[in-house]
Amino acid sequence: MSRVDHTQRKVPLSYRLHIDLPLLTGLFLLSLFGLLVIYSAGGEDIDMLSRQFIRVSIAFTVLFIAAQTPPHWLKIITFWLFVIGLLMLFAVPFIGETHKGAQRWLNFGVILIQPSEMMKLIIPMMVAAYLSEMRLPPTPKHQAIAALLIIVPVLLIAKQPDLGTSLLIASSGFFVLFLAGISWRIIGGMVLSSAALLPLLWFYLMKPYQKQRVLTFLNPESDPRGTGYHIIQSKIAIGSGGGFGKGWLNGTQSQLEFLPERHTDFIFAVLAEEFGLLGVLILFGLYLFIIFRGLYIASQAQETYTRLLAGGITMIFFTYFMVNVGMVSGLLPVVGLPLPMVSYGGTSMVTIMAAFGILMSIHTHRRLLNK
Amino acid sequence: MIPALKNHHFESRLFRFRVLLAAGFVLLMVGVLTLRMVNLQIFQHEHYSTLSDDNRVHTISIAPQRGRIYDRNGVLLANNHTTFRLEITPMQVEDMDETLERLSKIISFSEEDLERFQRERKRSRRFSAVPLRFSLNPEEVARFEVNRHQFPGVAIQDYQSRHYPLHNLTAHTVGYIGRINEEESQQVDPFLYQATEHIGKTGVEHYYEGLLHGTPGVRQVESNVLGRVIRVLEETPPTPGDNIFLTIDSELQAIANEAMGDYRGAIVAINPKSGEILTILSNPSFNANLFVNGIGREAYRELRDSKYRPLFNRFLRGQYPPGSTIKPLVALAGLELGHTHAEKETYCPGWYRIKGYKHKYRDWKKRGHGKTDVDKAIVESCDVYFYDLAFNMGIDNINEYMAQFGFGTQTGADITGEQPGVLPSRDWKRIHREEPWYPGETLSVGIGQGFFTITPMQLASAIATFANQGQRMQPHLLYATQGVGTSNPQLQPYQPLNHIEIKEQKNWDKVYESMRRVVHSKRGTARKLGKKSKYTIAGKTGTAQVYTVQQDEEYDEKSLPEHLKDHALFVAFAPLEDPEIAIAVIVEHGGHGGSVAAPVAKKIMDRYLLERRG
């Protein structure tokens, strides 16, 4: 049961370090692009840049460590991680800390932990682990259990409230199910029932500010000074960028502070303003490259658990990217999700890099089969 | 165990198919996002570029420099000084109270400064600087600069401040500017005054605001979401206001001021041929510089409540009975309208009584003037002669004739706030007193008393008109204007008003001669003036009653409190042969016109006629 046999064959150094070079390159370029835009969006603040640089470094370290962890170890601890995560989510409403009107954090004295952030990774791991034990495609019973594994934490997170994260987690769980091969009838049924759940969501779960966001999304010009302001200014930034942009550090919308949240959730607008469509296409290219590399790794994975997990992780990353760009460009309601690997801030970056570490681990811990 | 039951091959194929589907979905979505970007960045690029420019580019108005004011000889009356003020930008200050507390140890500011600061702070945006203290002296500037690092958000700013170098001397004429208040800001053209902080409040500063203000410049700037200016894109400099030259002669003004000394009253001297106001004074006066940046409440109260009323513009707004100074004009009216003639004599026993009435109208000379013709009536200022003449003429004739000299209406001089005085008539009394006209009231008007009131400006203008053979000239203060970049000031043309018809020149000459004899004959009421005069003066003294002496009372100057004493008046023009100056002097509660007001007029005429420059 030996994995890569280092002695018999000349194996590239990156494989011995459990690193996937194409993925690493893509992520490296993306975070470099991010640092470039953050420097501009933050008003050329060196302190801010160096703080983010430290976060990027930490995130890459996390990636490296995660890559060393064999996938079957992960599978063993998945169930316990899930239980702990769920317990923490239950604890949040009672002992959680509130910041900016949302109760999302648990204070463990030395460290503030955001259980919902961890769940982004734990849910696809859990669903993948559960389904990998079953015959695929899963039977209705197994599907129902898997759905339960997803829905309970999603509701808990939605209640915090953190709609963006809960939707993201729901979709990640869904992608794992989808990759596991659930039938199209069930997929259609899920789409229909979630459509039916929408009114329920609207009347019972959503806070007034969330409803306002959706209304604003439908017609931003109705409230240009209030909730519509973000999206109007963001579209102005993107549109005025044109084909080649206003140039680095020259975006008036961002430099003159018309654009809110410009180094966090709306950083894509800064990039689009300063680098134009050309910069946008480069960014899209980088994302596509990373996503396709992820899907390739998933397709090459040899076990059900690893391939479901690799596919799930890749699709979360894609959803992250799509929802953020969609929201900043006015295609989707504002839900408060960062642009993965680019936005200022460390939490989601660490999670994402841990995920990509797992992806690399999956790829580099394969048994090499001879033809 | 269970995995053994799995069909690996089937699962693998299913999975790869689903991954392919997922990849297709990813491509589809990225395609949608790309289309969205192309739409926003290429097809709608112009639309959003315009919106973006609207966001960032703003037009800022630059205040023009206010025109200077000079006297006719180019002596500065109003100048712009660069001075320093202390400003605080609230946004950059962390703890305002603490900052103010520390600041007060370095630069003193009063409670009022602080109140004004807090008031303005509420009105302005957080990133704009609000002045705390004006007119810092160099020592204060230095003291602050040394400590400035301790005061983020506090800065010293230079600014243009109006300065009136002659202080009290021209305060009522030039007036002053002050910070634009709420009411004014709604009246002015918002484009012109966008950047202007001050506006003319009184006097010439107010009247010629339009000339002095100038046109603001425009600066296109890029500003951030808070409106703070980031950089200048384009600039059109402002056009400064015109410099203006006034007709007054500041040296003559100084002589007038000196001659008035502690007397309260007014002087107006006019060139009869042009209507130019040569000197104009209201005494006591005040320091106009105090008002430029907002006078302190305490200082203002002191000025306002002073019993000598230094803020009151006497030459423009003071309404006094003309007293006997009106007699030459009443005599002229009588002669021209044929109600009297040069030889007609009236007997003056010291009083006058209308037939059928008991009331005695007194003459100032208790013993009476005896037989009096028009010449003697003017020279010795006989009241009884004018009671009789006025009674014969009737109020309608008097009113009509006097109106030609401009009594009862503003002269229209180019200074703000003029009062019209009162030239009484039947209509006037009906409207203002709701009573009919009584014949006895005509008598009072005949000697310049009763309802008849004039402003010193009107009186001087009337005498100037008489001196100028009935041609009224518009009294004015604007001598010349000088626009930007023009080296030579543009002289203002004279503006003739109505010409009073001369029926018989000999009537006018008769009155001229009598006025000469007021000064240059042994019995004239201003004979002291004529003794050493190097030129011929035509004049008339006057004494205006403030206090009505009852039928059985005596007017005893010594026993009366000062504020009830008569006003002393004197009008004159000189030289008689070719009048160059006409003057009216009023000394409040000064007693007799000949002894108090006449010497003041003489000093001014001496200076003007004998020592004039150029």
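Odds and ends about this structure:
Yes/no matrix, rows are residues, columns are (1) farther than 30 Å from B:Ala256 by Cβ; (2) acidic (Asp, Glu); (3) not assigned by TED's automatic domain parsing to the domain that holds B:Leu278:
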position	(1), (2), (3)
B:Val146	yes, no, yes
B:Gln160	yes, no, yes
B:Leu166	no, no, yes
B:Gly178	no, no, yes
B:Pro190	yes, no, yes
B:Glu197	yes, yes, yes
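- Selection status of B:Leu252, buried (at least 24 other Cβ atoms within 10 Å of the Cβ) and hydrophobic (A, V, I, L, M, F, W, C): yes
- Across the range B:358-397, the qualifying residues are those that are of a type in the set (Phe, Trp, Tyr) and at pLDDT 90 or above, and the one among them that is surrounded by the fewest Cβ atoms within 10 Å (Cβ to Cβ) is B:Phe391.
- Boolean, A:Ile157 is free of Cβ contacts under 8 Å to residues at least 60 places away in the same chain and either at negative phi or among the β-branched types (Val, Ile, Thr) (or both): no
- Checked across the range A:285-296, the condition of being within 23 Å of A:Lys246 (Cβ to Cβ), out of contact with any helix residue (DSSP H, G or I) (no Cβ under 6 Å at 6 or more places or on another chain) and not polar (S, T, N, Q) holds for at least one residue.
- Taken together, the residues in the range A:255-272 that are assigned to a helix (DSSP H, G or I) and within 9 Å of chain B (Cβ to nearest Cβ) amount to 2.
- Count of the range B:439-484 residues which are touching a Leu at 6+ places or on another chain (Cβ under 7 Å) and in a loop (DSSP other than H, G, I, E, B): 4
- In the range A:296-329, the qualifying residues are those that are closer than 15 Å to B:Arg36 by Cβ and within 8 Å of chain B (Cβ to nearest Cβ), and the one that is farthest from the chain's Cα centre (by Cα) is A:Ser329.
- Restricting the range A:130-148 to residues that are part of a helix (DSSP H, G or I), surrounded by fewer than 22 Cβ atoms within 10 Å (Cβ to Cβ) and among the hydrophobic types (A, V, I, L, M, F, W, C), the residue that is nearest to the other protein chains (Cβ to nearest Cβ): A:Ile145
- Among the residues of the range A:243-254, just one is farther than 9 Å from A:Glu273 by Cβ and facing another protein chain (nearest Cβ under 9 Å), namely A:Gly243.
- Among residues of the range B:125-145, those that are farther than 14 Å from B:Leu86 by Cβ and either exposed (fewer than 13 other Cβ atoms within 10 Å of the Cβ) or touching a Leu at 6+ places or on another chain (Cβ under 9 Å) (or both), counted: 3
- Residues being among the small types (Gly, Ala, Ser) and modelled with pLDDT of 80 or more - total across the range B:207-240: 3
- Flag: B:Glu205 does not match the condition of being away from chain A (no Cβ under 14 Å), without any contact (Cβ under 8 Å) to a residue 24 or more places away in the chain and more than 25 Å from B:Leu610 (Cα to Cα).
- The residues of the range A:273-295 that are facing chain B (nearest Cβ under 9 Å) and on the phi < 0 side of the Ramachandran plot, listed by number, are A:Glu273, A:Leu277, A:Val280, A:Leu281, A:Phe284, A:Tyr287, A:Leu288, A:Ile291, A:Phe292, A:Leu295.
- Long-range neighbours under 6 Å by Cβ, at least six apart or interchain, first residue surrounded by 14 or more Cβ atoms within 10 Å (Cβ to Cβ) within the range A:14-31, second not in a helix (DSSP H, G or I): A:Leu30/A:Met341; A:Ser31/A:Met341
- A single member of A:Gly188, A:Gly96 is surrounded by fewer than 18 Cβ atoms within 10 Å (Cβ to Cβ) and away from chain B (no Cβ under 14 Å), and it is A:Gly188.
- Yes/no for A:Val127 being more than 19 Å from A:Ala298 (Cβ to Cβ), outside any loop (DSSP other than H, G, I, E, B) and not aromatic (Phe, Trp, Tyr): no
- Scanning the range A:324-371 for residues that are in contact (Cβ under 8 Å) with a residue 40 or more places away in the chain and among the charged types (D, E, K, R) yields A:Arg366, A:Arg367.
- When B:Ile42, B:Ile88 are screened for being more than 8 Å from every other protein chain (Cβ to nearest Cβ), farther than 30 Å from B:Asn243 by Cβ and touching a Gly at 6+ places or on another chain (Cβ under 9 Å), only B:Ile88 passes.
- Per the listing B:Arg85, B:Arg116, the residue uniquely among the basic types (Lys, Arg), closer than 13 Å to B:Phe134 by Cβ, outside the structural domain of B:Gln482 (by TED's automatic domain parsing) and touching a strand residue (DSSP E or B) at 6+ places or on another chain (Cβ under 7 Å) is B:Arg85.
- For A:Gly357, the requirement of being within 11 Å of chain B (Cβ to nearest Cβ), within 23 Å of A:Phe28 (Cβ to Cβ), in a helix (DSSP H, G or I) and over 11 Å from the mean Cα position of the chain (by Cα) is not met.
- Applying the set (1) out of contact with any Gly (no Cβ under 9 Å at 6 or more places or on another chain); (2) over 27 Å from B:Gly296 (Cβ atoms); (3) of a type outside the set (Phe, Trp, Tyr); (4) more than 14 Å from chain A (Cβ to nearest Cβ) to B:Lys105 leaves exactly one unmet item: (2).
- Taking the numbered list (1) among the hydrophobic types (A, V, I, L, M, F, W, C); (2) buried (at least 22 other Cβ atoms within 10 Å of the Cβ); (3) part of a helix (DSSP H, G or I) in turn, B:Ala299 passes all entries but (2).
The values are calculated or read from the model by the stated rules, or taken from the named source; none is laboratory data. Nothing here was measured: the structure is a model prediction, and the numbers come from that model. Here Cβ is always computed from backbone atoms with ideal geometry, including for glycine, and neighbour counts include all displayed protein chains.
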